[in-house]
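Everything below concerns the one structure shown next.
Each value in this text was obtained by applying a stated rule to the coordinates, not by laboratory testing. Note that the structure is a prediction, hence the values are computed from the model and not measured. Backbone-built Cβ (ideal geometry, glycine too); neighbour counts: all protein chains shown.
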Amino acid sequence: MTYLKKELKSFKLFNMVLIAIFLYIVTQSWFDTEMSFKALFDGWGYMVSYMQGNPDIEGSSFFPPNIYKEDLVVYFLAMVETVQMAVIALLLSVIMAIPLSYITSRNILELLIPGKSIYHVFTKSALYTIGTLIANIFRSVNELVWALIFVSAVGLGPMAGILALGVHTAGVLSKLLSEGNEAIDPAPVAALSYSGAGFLKILVYAVIPQTMPHFVSMVLYRFESDVRSASILGFVGAGGIGFYLFDKLRSFENGDVSTILIFIIVTVWSLDKLSEMIRKKFI
């Protein structure tokens with residue numbers, strides 16, 4: 001009983017120290033970044049004036065949106081291209097993320113390379129380190145930076161955006177999927193292992209059935225994120241509706257900006273509803 005009390009006391013002390021450190025970091029960051037809601041309230045009028053536009057410049061107001069048929073068709077096709085970019089990017093990212101997630105999951109590596117010899121331990125450690133490094137590089141570099149890099153390789157257009165989204169999303173997905181892999185119930189895995197099943201059988205009958213709901217949820221989440229990100233990649237010439245968004249923002253054609261934003265919002269909302277329906281089928 002005395003031992004339990006000591007453990008609880010040390011646990012509470014540890015939590016209090018963590019909370020104190022967190023509060024210090026938040027407070028220091030708030031002042032260092034000059035965060036101020038007062039500045040937002042003081043500048044609210046300027047933001048409203050910007051959205052209202054300049055009366056002397058036609059189309060500079062966000063309201064009403066541009067509803068010319070020719071422009072709507074152009075923006076609709078650009079939005080379709082943006083979704084297509086996200087679809088292909090998601091496919092590429094899943095192809096890269098699945099093997100990365102397996103070699104960055106310690107429990108899966110134990111199944112893939114069983115054994116406790118120096119060779120086995122070194123191989124598992126090397127694979128884990130290399131996989132983690134690749135995944136970290138993929139997700140640490142922002143999509144816009146990847147887009148600039150790929151634009152220099154393949155030129156302007158959707159392909160650069162697809163490659164940028166694919167690489168970045170592969171890094172994010174591999175991390176999310178590896179966490180799902182490591183959270184599985186070890187009992188079915190152990191049962192199949194003791195019965196002499198190989199790695200592929202264990203993967204198909206014990207691992208994948210447990211990770212499938214998490215996999216579907218994470219893939220759908222990243223697809224929605226990719227659509228939003230693809231809407232911005234046009235800023236660096238990587239295709240999609242972002243090209244028109246950047247062009248209209250730069251030329252202060254805010255009526256067109258408003259129309260493009262409506263297209264993006266409606267598309268993301270529709271995909272969210274579609275994702276919700278798919279999740280109900282698998283989760």
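Before moving on, here are some points about what is shown:
- Degrees separating the helix 2-32 axis from the principal Cα axis of the chain, which is the longest one: 20 degrees
- Dipole magnitude of region 69-282, debye to nearest 20 (Cβ charges: Lys/Arg +1, Asp/Glu -1, about Cα centre): 640 debye
- Environment charge of Phe215, counting only residues whose C-beta is closer than 14 Å and scoring Lys/Arg +1, Asp/Glu -1: +2
- Ordering of 14-20, 165-171 by packing [mean C-beta count within 10 Å, highest first]: 165-171, 14-20
- Residue-count net charge about Ala238 - beta-carbon cut-off 12 Å; Lys, Arg +1, Asp, Glu -1: -2
- Rounded to the nearest 10 degrees, the inclination of helix 208-233 to the longest alpha-carbon principal axis of the chain is 30 degrees.
- More than 19 Å apart - percent of Cα-Cα pairs taken over region 160-249: 55 percent
- Separation of the Arg106 and Asp32 label points, Cα + 7 Å toward Cβ, nm: 3.1 nm
- Helix 158-182 and the long axis of the chain differ in direction by around 30°, with both axes built from C-alpha atoms.
- For the chain, convex hull of alpha carbons as volume per residue, Å³: 225 Å³
- Long pairs among Lys175/Lys280; Lys175/Lys248; Lys12/Lys38; Lys69/Lys273; Lys12/Lys124, criterion Cα-Cα beyond 29 Å: Lys175/Lys248; Lys12/Lys38; Lys12/Lys124
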